[in-house]
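Below you'll find the structure, written out as structure tokens, and then a few comments.
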Amino acid sequence: MLPHFLQSVIALITETSTNLPPDVRAAMAAALASEEPATRAGQALSIIAQNIDQAESCDGPICQDTGMPTFEVKVPIGANQIWMRQQIRDAVAEATTRGKLRPNSVDSITGENSGNNLGPGTPIVHFDQWEEPDIEIKLILKGGGCENTNVQYALPMELDHLGRADRTLEGVRRCILHAVWKAQGKGCSPGAVGVCIGGDRTSGYMHAKEQLFRTLDDLNPDPRLATLEQEIMDEANRLAVGPMGFSGKTSLIGCKIGTLNRLPASFFVSIAYDCWAFRRLGVRLDAHTGAITSWLYRDAAKPVTPMLAPEVLAAGFPRTGREVALQSPITEEQVRALTVGDVVLISGRMFTGRDAVHTHLMKHEPPENLDGAVLYHCGPVVAKEGSGWRVLAAGPTTSIREEPYQADIITRYGIRVVIGKGGMGAKTLAGLKDSGAVYVNAIGGAAQFYARCIQGVAGVSLLEFGTPEAMWHFDVKDFPAIVTMDAHGNSLHKDVEEASGEVLATLRK
Ligand code: SF4
């Protein structure tokens with residue numbers, strides 16, 4: 001068989017997880033340059049830029065959510081696809097062992113994590129034959145926050161703020177703008193959308209995801225779609241959702257639209273949202289050896305262009321002097337003194353908790369005393385080191401999933417600070433006010449940046465839920481985050497959603 005195939009796929013996974021392609025870097029650099037450094041959007045983009053550089057320099061995952069590995073493979077006629085599929089599965093398991101992928105494959109009924117990213121439907125591998133002599137493999141790693149944001153519209157239909165979307169390109173335009181607006185708080189913005197007009201429900205979603213394999217700066221060969229893509233870029237960025245939904249100039253870094261024929265009775269617009277951590281790469285392999293002959297999306301001979309100058313990277317989080325230092329355990333008085341917009345630097349012990357921990361805490365006492373505690377919505381990438389653990393990546397996960405539980409858990413156990421991304425809803429906002437707690441937004445996807453704020457792992461509880469879902473006890477120093485929901489009933493997320501909704505209404509035409 002092909003002696004280098006396995007190592008080539010491991011290299012592809014590693015590079016995709018740790019090193020953003022040049023077109024995405026360029027789009028994020030332009031976003032960074034467009035914002036004032038001292039604004040919330042500027043600070044968020046600065047952390048993102050640091051994170052991109054840190055991930056590349058340490059070969060660590062850019063975001064802790066390494067997503068659903070999706071491979072698109074083209075092979076010459078006669079290639080053994082059964083053998084290649086097994087090799088790709090072996091490569092995924094090995095990359096997981098090396099900490100380049102987080103164990104992300106769980107049994108859909110029991111929730112049990114397979115631990116190696118293998119399971120029914122994981123990874124996704126699509127094969128196609130072609131007339132070329134080489135093998136081509138493209139890979140995209142798209143995390144849960146943005147996968148949950150994918151949406152499919154069946155036209156005609158009524159849309160919030162935009163009215164009726166008909167079975168026309170104008171109707172499609174309204175759907176895409178609506179999807180970008182709805183994505184706030186879920187996929188980490190600025191993001192990109194892959195769109196399919198037509199197909200059936202299944203092929204529409206697949207073709208939308210395939211659009212994300214195009215480079216952000218390419219030109220659609222269909223002039224009608226090229227015009228629509230440009231129009232969407234201009235209008236979506238007028239929404240001012242901004243980086244992480246903090247409001248700002250860049251909400252979207254790419255819009256790529258394709259079409260499939262449809263049944264006369266159906267008109268689907270399928271949208272695949274990808275976040276700023278837009279991890280997509282590819283390789284060409286020698287069909288006789290499996291060795292990499294060239295990389296797609298980047299010139300391997302060219303050095304990577306850093307996002308930041310070395311001295312800016314070394315300086316770390318750009319402080320204004322107005323930051324509020326918090327040492328856990330935190331008192332109600334400290335929390336009630338905070339208001340939306342405050343930047344906090346958290347030190348001391350924090351506990352992670354995401355879906356499984358929240359469900360558990362609704363029925364069981366916590367394994368640790370959470371009075372005055374900081375609860376971090378995070379599913380880290382960790383590696384066993386001797387008798388302890390090392391954190392390889394630890395950014396925030398999407399908080400809104402915990403909305404049904406969060407207020408009850410805060411009240412019951414005395415939690416004072418919840419860290420996450422994207423904000424939470426009305427029930428949590430009321431719970432923060434009643435109990436005296438705040439929600440602070442960390443920068444989504446900044447997994448390397450936040451891993452460097454963790455000085456040690458003091459312990460872990462509920463490890464039976466798997467490493468991403470366990471409750472980790474981190475000791476942190478100067479962990480920066482922005483208060484976006486305070487104990488006085490204010491929510492930046494609600495304000496930005498309403499303001500961007502008003503702009504959306506003006507785009508009705
Ligand atoms: S950057 Fe945000 S949306 Fe993207 S994979 Fe990471 S956590 Fe999910």
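No value in this document is a laboratory result; all are computed from the given coordinates. Everything numeric here is computed off the predicted structure, so don't read it as measured data. Here Cβ is always computed from backbone atoms with ideal geometry, including for glycine, and neighbour counts include all displayed protein chains.
Volume per residue for the range 414-509 equals 148 cubic angstrom (convex hull of Cα atoms). Pairs over the 24 Å Cα-Cα cut-off, from the set 100/138; 100/142; 256/302: 256/302.
Protection proxy ranking for 115-121, 377-383, 321-327, 229-235, using the average of other Cβ atoms within 10 Å per residue and placing the highest first: 377-383, 229-235, 115-121, 321-327. For the range 227-238, the Karplus equation 6.51 cos²θ - 1.76 cosθ + 1.60, evaluated at θ = phi - 60°, returns couplings of 5, 5, 4, 5, 4, 4, 4, 5, 6, 4, 6, 6 Hz by residue, with Gly and Pro reported as x. Taking every C-alpha pair closer than 8 Å and separated by at least 6 residues, the mean separation divided by the residue count of the chain gives a relative contact order of 19 percent. Our coupling estimate for the range 204-218, obtained by passing each phi through the Karplus curve with A = 6.51, B = -1.76, C = 1.60 and θ = phi - 60°, is x, 5, 5, 5, 4, 5, 4, 4, 6, 7, 7, 6, 5, 9, 7 Hz, Gly and Pro reported as x.
Selection among 193, 396, 468 by position relative to the dipole of the chain gives 193 as farthest towards the positive end (Cβ unit charges, Cα centre). Distance distribution P(r), the chain, all Cα-Cα pairs, bin width 20 angstrom from 0: 23, 57, 20, 0 percent. Computed packing ranks the peptides 426-432, 30-36 as 426-432, 30-36, most packed first, by mean other Cβ atoms within 10 Å. Taken as Cα centroids, the range 36-100 and the range 434-453 sit 22 Å apart, rounded to the nearest whole angstrom. Using only the C-alpha atoms, the convex hull of the range 337-491 corresponds to 94 Å³ per residue. For GluC sites (Glu not before Pro), no site in the range 438-509 is both called loop by DSSP and has at most 14 other Cβ atoms within 10 Å. Each stretch of four or more DSSP H residues adds -39500 (n - 2.57); spread over every residue of the chain, this sum gives -10000 deg cm²/dmol at 222 nm. Taken one residue at a time, the phi angles of the range 107-116 give Karplus couplings (6.51, -1.76, 1.60, θ = phi - 60°) of 4, 6, 9, 8, x, 5, 7, 5, x, 9 Hz. Gly and Pro are set to x.
Pairs over the 20 Å Cα-Cα cut-off, from the set 182/421; 186/509; 182/249: 186/509.
Only alpha carbons enter this Debye calculation for the range 228-309, each as an equal point scatterer, and the log10 of I(q)/I(0) it gives at q = 0.14 Å⁻¹ is -0.82. Simple point charges give the picture: +1 on the Cβ of Lys and Arg, -1 on the Cβ of Asp and Glu, and for the range 1-160 a dipole about the Cα centre of about 360 debye.
Dividing the mean sequence gap of close Cα pairs (under 8 Å, 6+ apart) by how many residues the range 348-507 holds gives a relative contact order of 26 percent. Looking at the range 155-313, the pairs of alpha carbons with a distance over 19 Å make up 60% of the total.
Net charge of the neighbourhood of residue 201, taken over other residues with C-beta under 15 Å away and scored Lys/Arg +1, Asp/Glu -1, is +1.
Quick one: compute the contact order of the range 313-376, relative version, from alpha carbon pairs under 8 angstrom and 6+ residues apart, as a percent. Relative contact order here is 41 percent. Roughly speaking, what is the centre-to-centre gap between the range 132-211 and the range 252-323 when only Cα atoms are used, to the nearest Å? With the range 132-211 and the range 252-323 each reduced to a Cα centre, they are spaced 17 Å.
Taking a Cβ cut-off of under 15 Å around residue 283, the surrounding Lys, Arg, Asp and Glu residues balance to a net charge of -1, with basic ones at +1 and acidic ones at -1. Here, P(r) means the percent of Cα pairs in each 10 Å bin from 0 to the largest distance; for the range 1-64 it is 20, 40, 25, 10, 4, 1.
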